[in-house]
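The values are calculated or read from the model by the stated rules, or taken from the named source; none is laboratory data. Please read all numbers here as calculations on a predicted model, not as lab measurements. Using ideal geometry, Cβ is built from the backbone for each residue, glycine included, and neighbour counts are taken over all protein chains shown.
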Amino acid sequence: MDADSASSGRASGTAGADGSVGSVGSVGAAAIGRLAGVAPEPGVRKPDPLLVMDRINRTFGGITAVRVDHLEVQRGAITALIGPNGAGKTTLFNVVSGFDRADGGRWWFDGHPLTGRPAHRVARGGLVRTFQLTRTLARLTVLENLKLAATGQLGERLSAALLPPLWRGQEREIERRADEMLERFRLGPLRDDHAGTLSGGQRKLLELARALMARPVMVLLDEPVAGVNPALTQSLLAHITELRDEGLTVCFVEHDMDVVMGISDWVAVMADGRLVAEGPPHTIGRNPAVVDAYLGRRHDEPEATGEEE
């Protein structure tokens with residue numbers, strides 16, 4: 001299936017072997033519609049951006065890992081961040097989510113400055129992320145992993161912890177939400193198993209469920225289907241599109257182009273730390289900057305008339 005067919009299948013709600021899953025709900029359709037008139041060019045302004053990044057730089061010694069002049073992520077849409085290995089995608093995620101520091105630049109989330117905020121404050125503000133290598137608490141049960149992610153727990157305060165009547169009601173509500181999340185992600189039978197016994201795909205599901213326990217406005221997913229078997233991959237992709245259709249904003253790093261074409265509403269491309277292209281999925285594969293970023297300069301084409309002669 002080519003890119004145009006994948007895009008068409010995604011919009012009409014058909015599921016294809018290329019990774020397109022599920023149907024687009026009214027919220028998702030509205031987000032796609034707002035992007036319809038946006039020019040496919042790097043750094044383009046979006047009609048309703050939720051996350052805005054401006055002149056972000058991150059260097060390691062003499063190597064520039066990220067130098068993004070401007071990037072906006074549209075509210076309510078699924079944005080894919082792609083690029084070859086070493087392009088700076090995960091480093092950019094680390095910076096805006098507070099897990100790494102920037103050497104320069106500013107960024108805002110829902111109109112509020114996030115520059116320099118630590119990871120826990122970023123998460124409390126509604127921007128939550130997952131990692132390529134899952135980070136579960138192996139010696140806690142699956143249920144305990146979810147309960148731990150809920151924010152604003154009264155029992156975490158020393159003064160309140162000594163008075164159980166103050167937090168027992170909230171604890172029951174958190175456990176109810178956690179059980180609902182486990183059923184949603186089909187992890188219910190594993191409720192009381194230690195997280196360290198889960199398979200790689202199950203840990204990916206657990207990490208996504210745990211992120212949702214924080215009630216985020218936006219999630220950053222770093223290679224959500226890497227190392228996951230095909231059956232669980234389809235389940236994960238269906239969950240991601242459901243999140244978009246429920247009003248959540250999603251930005252994810254991915255190398256599998258079938259996945260990118262199947263579920264994304266917008267694609268941003270990085271190479272050598274820079275943003276080199278943006279656009280709807282069906283336009284990205286034809287963009288010369290994207291071809292060069294993945295395959296290198298096309299030496300079979302002459303650079304100038306003199307070389308051709």
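Among the candidates 67, 55, 121, single out the residue that is free of Cβ contacts under 8 Å to residues at least 60 places away in the same chain, in contact with a strand residue (DSSP E or B) (Cβ under 7 Å, 6 or more places away or on another chain) and basic (Lys, Arg). Give the derivation first.
Numbers: 67 fails: free of Cβ contacts under 8 Å to residues at least 60 places away in the same chain; 121 fails: in contact with a strand residue (DSSP E or B) (Cβ under 7 Å, 6 or more places away or on another chain).
Criteria check complete, one pass: 55.
If I filter the stretch 235-255 down to residues being among the charged types (D, E, K, R) and buried (at least 17 other Cβ atoms within 10 Å of the Cβ), which single residue comes out as farthest from residue 185 (Cα to Cα)?
For the stretch 235-255, the residue satisfying everything is 254.
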Problem - Within the stretch 214-252, tally of residues that are under 14 Å from the mean Cα position of the chain (by Cα) and of a type in the set (S, T, N, Q) - result: 2
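Counting only residues that are of a type in the set (A, V, I, L, M, F, W, C) and more than 22 Å from the chain's Cα centre (by Cα), which one in the stretch 168-197 is farthest from residue 232 (Cα to Cα)?
Checked the stretch 168-197; the qualifying residue farthest from residue 232 (Cα to Cα) is 174.
To keep it simple, each residue is scored yes or no on (1) closer than 18 Å to residue 39 by Cβ; (2) among the small types (Gly, Ala, Ser); (3) modelled with pLDDT under 85.
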{"site": "270", "(1), (2), (3)": "no, no, no"}
{"site": "278", "(1), (2), (3)": "yes, no, no"}
{"site": "291", "(1), (2), (3)": "no, no, yes"}
{"site": "294", "(1), (2), (3)": "no, no, yes"}
{"site": "306", "(1), (2), (3)": "no, yes, yes"}
{"site": "309", "(1), (2), (3)": "no, no, yes"}
Practice task
With respect to residue 134, determine if the residue is assigned to a strand (DSSP E or B), surrounded by 14 or more Cβ atoms within 10 Å (Cβ to Cβ) and of a type in the set (Val, Ile, Thr).
Solution key: no
